[in-house]
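> One structure, as structure tokens, below. Some questions next.
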Amino acid sequence: MSEPPSAGKKRIYAWDGGKDVQEAAREIQKFEGEGSDDDETDVQVRFDPRAVTRFQCVGRLRGEHMAGISSVAVSDDGTVATSSLDGTARMWGINPPGHIRLCRMGKTNEKSHEGWVLHCAFSPDGKYLATTGADKLAKLWRVADAELIFTFAVHADMVMGCAWSKDGERIATCSKDRTIALWSLEKALILHKRAGACNAGAPLKARIQEAGKQNGGHTDIVQRVAWSPKKRHFLLSCSHDKTVKLWDMSAGNSGRLVQTLAGHTDHVLGLEYSHNGEWAVSCSHDATVRVWNMTSFQCRHVLRGHRDIVYHACFSPDATCDRIMSTSHNGTVIIWDTHTGEKLSKVRTGHTSWVLGCAFMPNGVQAITCSGDQSCRIWNAERPKEGFFGSSIGRQVFYCLEACLSGGTWLR
């Protein structure tokens, strides 16, 4: 590490993105400390234009879940939902930090599901939240008051994941029983209006059966599903059978297998479509992330950088979906370039357990991760810009603000 320059009116600290964030922060502090007696000294930070995306913690959500957090979802207005192995799902209003809204899905002191809550997903309009659990059920909640609207009951085993169609009219669920079910939101709301929340399979629209049927279904646990935002009837699914499958769920073709995407050598655990519908990303127990071209159905990139199980991967919300974030069993997160496959940033998150889920915030600048350590962390994932920045801005780049939620209150 080079010595700081001699005292003067300008002190410039050049950061090329290769140093540890905390080490860089200590150097900035040292420079500022030595110049504190000279009112004319101004410490500035210069970023090398080649510097890549940095990933720094700017806040934590903790203190409410009593077991690991299995998934995290973010609505378009910035509301965060979490599902947990403690049997609850919760919503966190964290934008702006001074206005916290924290609520449990369901009645006070009651669990959202009997057993683990495995996944959660907001409807496109943010009005509803779907959750799935180890109790073989999927549930539909109204966000405004956290009221249970409907309970979907058709699966014979744990319901591993759920996804909303882009138009918000359908919900797909997938299960350890090797099947995928498709539900009608409209029918569920009608039944709720007539009789309140109930436990029935009435809104069921279609079901993809396990292997042995003519449609070529999965031969093992179906872990996740994802709807195409471009072709509204296309649904992706991934499975412990090492494959990703694309289904045509349109009327008359409900459950028709379109394509099988093969390449992973172990359980496929995570799956997501890009927001423009051009790409899909999958991640696996084999420690790789794969980027798929959804026009040619070819694997564009195999992203290797994790050293352990990769649980989840997601695209940035910008128009070109230019970044992918992936999370791993060993507590690391990697940011990738979607188009080149280049690793932009890798960081140990500070989570003390495996990182099970992640999501970008709507602005694309921040991201959130969830972990088996019962906490979520919010990160700055913005790419540094070329040029000079005053030290006050530099500190925002380097320092973790360490604001955290405990019992619904932000602590400074």
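> What is the packing order of peptides 315-321, 173-179, taking the mean over residues of other C-beta atoms within 10 Å and listing the highest first?
My ranking of the peptides, most packed first, is 173-179, 315-321.
> Once label points are set 7 Å from the Cα along Cα→Cβ at both L257 and T340, what is their separation, rounded to one decimal in nm?
3.8
> Turning to a different aspect of this structure: Once you have the Cα-Cα distance between N293 and R142, take 0.36 nm times their residue separation minus that, and quote the gain in nm to one decimal.
Using 0.36 nm per residue and subtracting the Cα-Cα distance, I get 50.9 nm.
> Using just the alpha carbons, could you tell me how many Å³ per residue the convex hull of segment 269-348 encloses?
Convex hull volume per residue, Cα atoms: 74 Å³.
> Multiply the residue gap between T219 and D167 by 0.36 nm, knock off their C-alpha separation, and tell me the result in nm, one decimal place.
Full extension from T219 to D167 adds 15.8 nm.
Where a number appears in this text, it was derived from the coordinates with a stated rule and is not lab data. The structure displayed is predicted, hence computed values, not measured ones. Backbone-built Cβ (ideal geometry, glycine too); neighbour counts: all protein chains shown.
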